[in-house]
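Input: a single structure, listed below in C-alpha cells.
The values are calculated or read from the model by the stated rules, or taken from the named source; none is laboratory data. Just so we're clear, the structure is a prediction, and the values are computed from it rather than from any experiment. Every residue, glycine as well, gets a Cβ built from its backbone with ideal geometry; the counts of neighbours run over all protein chains shown.
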C-alpha cells in the first residue's frame, strides 16, 4: 500500500513538473510573439510616415523619381513581409529601405528649399526616432527568440518541446550596413 502511494505521489510530481515545463515554453513562445508585435507596431508607424516624406520630397525633387520610387517599393516590400510574419523577408526588405532612405537623404542635400522645409525636418526626425526604436525592439526580440531557442534545445524542456511541436524562433538579423543608423545630420551637412 505504501509502495502504491509513493508511486502515485511520484506520478503527481512528474505530471506537475511536466505542466510547469510546458507552461514555461508557452510563456517563452509568447514573449517572442510580443517582442515581434512591438517591432510590428513601429514598422507600421514608419510605414505610415514614409509616404508623407516622399510627398514632401516630390514637391522639390522633380528629377529624382527613381530615388523616391525605390523608397516606396521598399516600403511595400516591408509591409508584405511584415504581414506574413516572415522574419527573413523583413530583414531583406529593411536593407533595401535603409539604402533607399540613405540615398533619399543624400539627394535631398542638393535641394536647399527641401532641407529648410519644416514638414521635411519634422518627418526626418520622426523617421530617425522610429529607426532607433526599431533597433532597440529588434534587440529585445532577438533576446526573447534566443531564450526560447535555448529552452527548446535543452533537457528536459527539449522533450516537452519535441512532443508538443514547439519550433525555433528565427533571429531578426541585419547586415552591418543595415544596423548602422541613417545619419541624417551628415547627409544634410549638420
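Quick look at the values:
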| item | result |
| --- | --- |
| Members of segment 144-167 found to be farther than 14 Å from residue 27 by Cα and either out of contact with any helix residue (DSSP H, G or I) (no Cβ under 7 Å at 6 or more places or on another chain) or free of Cβ contacts under 8 Å to residues at least 40 places away in the same chain (or both), listed by number | 153, 154, 155, 158, 159, 162, 163, 165 |
| Candidates 55, 31, 49, filtered to the one that is within 28 Å of residue 149 (Cα to Cα), modelled with pLDDT of 80 or more and surrounded by 12 or more Cβ atoms within 10 Å (Cβ to Cβ) | 31 |
| Residues satisfying the stated conditions in segment 50-95, i.e. under 12 Å from the mean Cα position of the chain (by Cα) and in a loop (DSSP other than H, G, I, E, B) | 85, 86 |
| Count - residues of segment 5-25 that are closer than 26 Å to residue 87 by Cβ and exposed (fewer than 12 other Cβ atoms within 10 Å of the Cβ) | 1 |
| First in segment 96-113 and without any contact (Cβ under 8 Å) to a residue 60 or more places away in the chain, second anywhere and surrounded by 13 or more Cβ atoms within 10 Å (Cβ to Cβ) and not in a helix (DSSP H, G or I), Cβ under 7 Å, 6 or more apart | 107/61; 107/64; 111/61 |
| Residue list for segment 135-145, filter: modelled with pLDDT of 90 or more and surrounded by 15 or more Cβ atoms within 10 Å (Cβ to Cβ) | 137, 138, 140, 141, 142, 144, 145 |
| Residue count for segment 96-134, restricted to those that are surrounded by 15 or more Cβ atoms within 10 Å (Cβ to Cβ) and part of a helix (DSSP H, G or I) | 25 |
